[in-house]
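Here, each number is a calculation from the coordinates, and none is a lab measurement. Just so we're clear, the structure is a prediction, and the values are computed from it rather than from any experiment. In this analysis, Cβ positions are derived from the backbone assuming ideal geometry, glycine residues included, and neighbour counts consider all displayed protein chains.
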Amino acid sequence: MDSSTKSLIFIIGAPGSGKGTLCKKLSGEYGFSHLSVGDLLRQFTSLSNANKNIVDCVHHGELVPVKALTPILKSHIDEEVESGRNIILLDGFPRRLDQAAPVEALVGSPVLVLFFDCPEKVAEQRFLTRKLTGRETDDGQTFRKRYQEFIELNSNIVENYQTKDILLKIDTSGDTEVSYQKLLSALQDTSKWRSLITIA
């Protein structure tokens with residue numbers, strides 16, 4: 001599929017940083033597509049013919065190998081574009097830098113990357129009090145494992161997209177409305193966003 005027919009926005013941030021909540025608000029207000037990588041993978045594991053290695057990775061909160069992740073993402077992105085939803089928020093991608101190039105080669109590079117920046121204690125509290133289908137066993141140990149992974153891997157992702165001048169860092173430490181207004185303010189200051197709104 002021609003990548004010029006769509007515009008991708010990648011969303012990165014620690015578990016509990018507000019990715020899902022803020023993406024839902026943004027997609028609802030502007031009519032964008034919102035694809036949560038975590039949700040897509042959990043849906044995949046419910047299939048009767050799901051690859052056992054992928055199922056094990058998802059159930060243990062581990063990174064799915066990029067060779068397995070890429071076709072899953074491409075399939076869903078293609079479906080959105082075919083349905084006429086050309087601006088796509090890809091929530092929770094990439095989680096490590098070496099995931100980015102293979103996926104971008106197939107589905108296209110992002111026009112913007114949003115980094116939701118949230119202190120560990122705030123993120124942990126949100127993580128432990130949220131109720132997500134398929135994530136009922138999330139606990140403090142799960143959070144610490146995933147947060148440590150985030151700390152180790154995210155700086156390279158941030159540096160990569162900063163170099164390309166497409167990264168926006170947003171403070172999401174406040175409540176939903178405060179964080180959302182900060183997100184909108186940061187977006188509205190960028191010409192790339194204003195161009196997206198024009199074509200949306």
Check your understanding: In deg cm²/dmol and to the nearest 500, what is the mean residue ellipticity at 222 nm of the chain if only DSSP H runs of at least 4 residues count, each as -39500 (n - 2.57), divided by the residue total?
Key -> -17500 deg cm²/dmol
Check your understanding: So for region 33-90, what percent of the C-alpha to C-alpha distances run longer than 18 Å?
Key -> 33
Check your understanding: Based on the alpha-carbon gyration tensor of region 95-200, what equivalent-ellipsoid semi-axes (square roots of 5 times the eigenvalues) come out, in whole Å, largest first?
Key -> 26, 19, 13
Exercise for review: Report P(r) for the chain: all Cα-Cα distances, bin width 10 Å, range 0 to the bin holding the largest distance, values in whole percent.
Suggested key: 8, 37, 40, 15, 1
Check your understanding: Relative contact order (percent) for the chain, with alpha-carbon contacts under 8 angstrom and 6 or more residues of separation?
Key -> 33
Practice item. Please identify every one of the trypsin sites (Lys or Arg not before Pro) in region 139-200 that sits in a loop by DSSP and has no more than 11 other beta carbons within 10 Å of its own beta carbon. Key: Lys164
Check your understanding: Under a no-solvent Debye model with one identical scatterer per Cα of region 1-102, what's log10 I(q)/I(0) at q = 0.19, 0.22 Å⁻¹?
Key -> -1.01, -1.30
Practice item. Under 26 Å between C-alpha atoms is the cut-off here; go through region 67-148 and count lysine pairs that meet it, provided they're at least eight residues apart or on different chains. Key: 4
